[in-house]
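What follows is a single structure, written as structure tokens, with notes after it.
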Amino acid sequence: MDQRMMEIAESVERILEALPPGVTLVAAAKGRNPAEVEAALQAGIAHIGHNYVQEAQKMIQFLGRKATWHLIGHLQQNKVRRAVQLFDVIETVDSWPLSVAIDRHCAAAGKVMSVLVEINSGREANKTGVMPEEVDDLVQRLSDLKHIRVQGLMTMGPRFGDPEEARPFFQATRAAFERLSVVDLPNVTMRTLSMGMSNSYLIAIEEGANLVRIGTGLFGGRPN
Ligand SMILES: *Cc1c(COP(=O)(O)O)cnc(C)c1O
């Protein structure tokens, strides 16, 4: 194993060890090559996140399905069929039409998809996700779809140099999560709160995240 793969393995082990019990680590694999992801798997990663359907497909063909695959990037309608075949969890559900498409393709494939609803907690014009005030409505409607199980919420939140500044956005997402946790809806169980990346995951965990998505912190800086 070369130096680079050893560094990845060390980062994975160090972060896995430091995470509190009950927090799931998703390795964010965009822009990485299969050998890098393989090194992370061998070091104990069980969940891989990818932003892009086509690249994830190549990676899965290369590595096999020996992990739980999360779609963490925005999903376009024309990629839904393939995404449904490839992923175990879609973390970026943010509209009713997209949800209907996922449900329809899952029905055809005989599959039930675990999904998270993505919230645009910073209300940023250039980000995807539902606006915070729309999340309850969307979750309510999703409970009618038989091939989707809503398992929680996801947010990116604005990126700051100082991750302390992300805290209020994590808190707002947590509040929505708590609110929806006590609503009794079919096909909805609020169990996963996905927030926090390399520079913000410790704060996200303090604010209730039980799934963190880390790329740079495991694999190093991205080349592009
Ligand atoms: C890239 C990415 C991450 C990981 O970001 P890092 O800063 O590299 O840890 C997490 N979540 C999503 C949705 C991403 O696109």
Seminar exercise, completed: Inside the stretch 55-112, the number of residues satisfying the requirement of being closer than 25 Å to residue 132 by Cα, open to solvent by 50 Å² or more (accessible area, probe 1.4 Å) and aliphatic (A, V, I, L, M) is 1
For this session: Those residues that are surrounded by 15 or more Cβ atoms within 10 Å (Cβ to Cβ) and farther than 18 Å from residue 131 by Cβ, I need them from the stretch 167-180; list them, please.
Result: 167
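Only one of 36, 17 is out of contact with any His (no Cβ under 9 Å at 6 or more places or on another chain), of a type in the set (D, E, K, R) and either within 16 Å of the ligand (Cβ to nearest atom) or in contact (Cβ under 8 Å) with a residue 24 or more places away in the chain (or both). Can you tell me which? Please lay out each step first, then the result.
On the way: 17 fails: either within 16 Å of the ligand (Cβ to nearest atom) or in contact (Cβ under 8 Å) with a residue 24 or more places away in the chain (or both).
Residue meeting the stated conditions: 36.
Scan the stretch 20-37 and give yes if some residue there is open to solvent by 80 Å² or more (accessible area, probe 1.4 Å) and out of contact with any Pro (no Cβ under 9 Å at 6 or more places or on another chain), otherwise no.
Step one: of the stretch 20-37, the residues open to solvent by 80 Å² or more (accessible area, probe 1.4 Å) are 21.
Then drop every residue that is not out of contact with any Pro (no Cβ under 9 Å at 6 or more places or on another chain), which leaves 21.
Scanning the stretch 20-37 turns up at least one residue that is open to solvent by 80 Å² or more (accessible area, probe 1.4 Å) and out of contact with any Pro (no Cβ under 9 Å at 6 or more places or on another chain).
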For this session: Could you please let me know if residue 221 is at pLDDT below 95, out of contact with any Lys or Arg (no Cβ under 8 Å at 6 or more places or on another chain), open to solvent by 30 Å² or more (accessible area, probe 1.4 Å) and within 16 Å of the ligand (Cβ to nearest atom)?
Result: yes
Exercise. Does the stretch 40-60 hold any residues that are within 16 Å of the ligand (Cβ to nearest atom) and either in contact with a Pro (Cβ under 9 Å, 6 or more places away or on another chain) or not in a loop (DSSP other than H, G, I, E, B) (or both), and which are they?
Worked result: 40, 47, 48, 49, 50, 53, 54, 55, 56, 59
Problem set entry | So residue 68, is it within 13 Å of the ligand (Cβ to nearest atom), within 27 Å of residue 140 (Cα to Cα) and hydroxyl-bearing (Ser, Thr, Tyr) | no
Exercise. Restricting the first residue to the stretch 60-82 and requiring it to be over 18 Å from residue 195 (Cα atoms), which pairs with a second residue that is part of a loop (DSSP other than H, G, I, E, B) and aliphatic (A, V, I, L, M) meet a Cβ separation below 8 Å and a spacing of at least six or different chains?
Worked result: 67/45; 67/46
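Where in the stretch 147-215 are there strands (runs of 3 or more DSSP E), lying wholly inside it, with at least 1 residues that are more than 15 Å from the ligand (Cβ to nearest atom) and either among the small types (Gly, Ala, Ser) or under 28 Å from residue 85 (Cα atoms) (or both)?
Working: elements: 148-155, 188-195, 211-214.
Of the strands (runs of 3 or more DSSP E) lying wholly inside the stretch 147-215, those with at least 1 residues that are more than 15 Å from the ligand (Cβ to nearest atom) and either among the small types (Gly, Ala, Ser) or under 28 Å from residue 85 (Cα atoms) (or both) span 148-155, 188-195.
Residues in the stretch 143-164: is at least one within 14 Å of the chain's Cα centre (by Cα) and surrounded by fewer than 16 Cβ atoms within 10 Å (Cβ to Cβ)? Explain how you work it out, then say what you get.
Within the stretch 143-164, the subset within 14 Å of the chain's Cα centre (by Cα) is 150-157.
Checking the rest, the ones that are also surrounded by fewer than 16 Cβ atoms within 10 Å (Cβ to Cβ) come to none.
Taking every residue of the stretch 143-164 in turn, none turns out to be within 14 Å of the chain's Cα centre (by Cα) and surrounded by fewer than 16 Cβ atoms within 10 Å (Cβ to Cβ).
The values are calculated or read from the model by the stated rules, or taken from the named source; none is laboratory data. Nothing here was measured: the structure is a model prediction, and the numbers come from that model. Don't worry about glycine lacking a Cβ; one is built from the backbone with ideal geometry, like all the others, and counts go over all protein chains shown. The accessibility values were calculated without ligands, DNA or RNA, using every heavy atom of the protein model including side chains. Shrake-Rupley method; radii C 1.70, N 1.55, O 1.52, S 1.80 Å.
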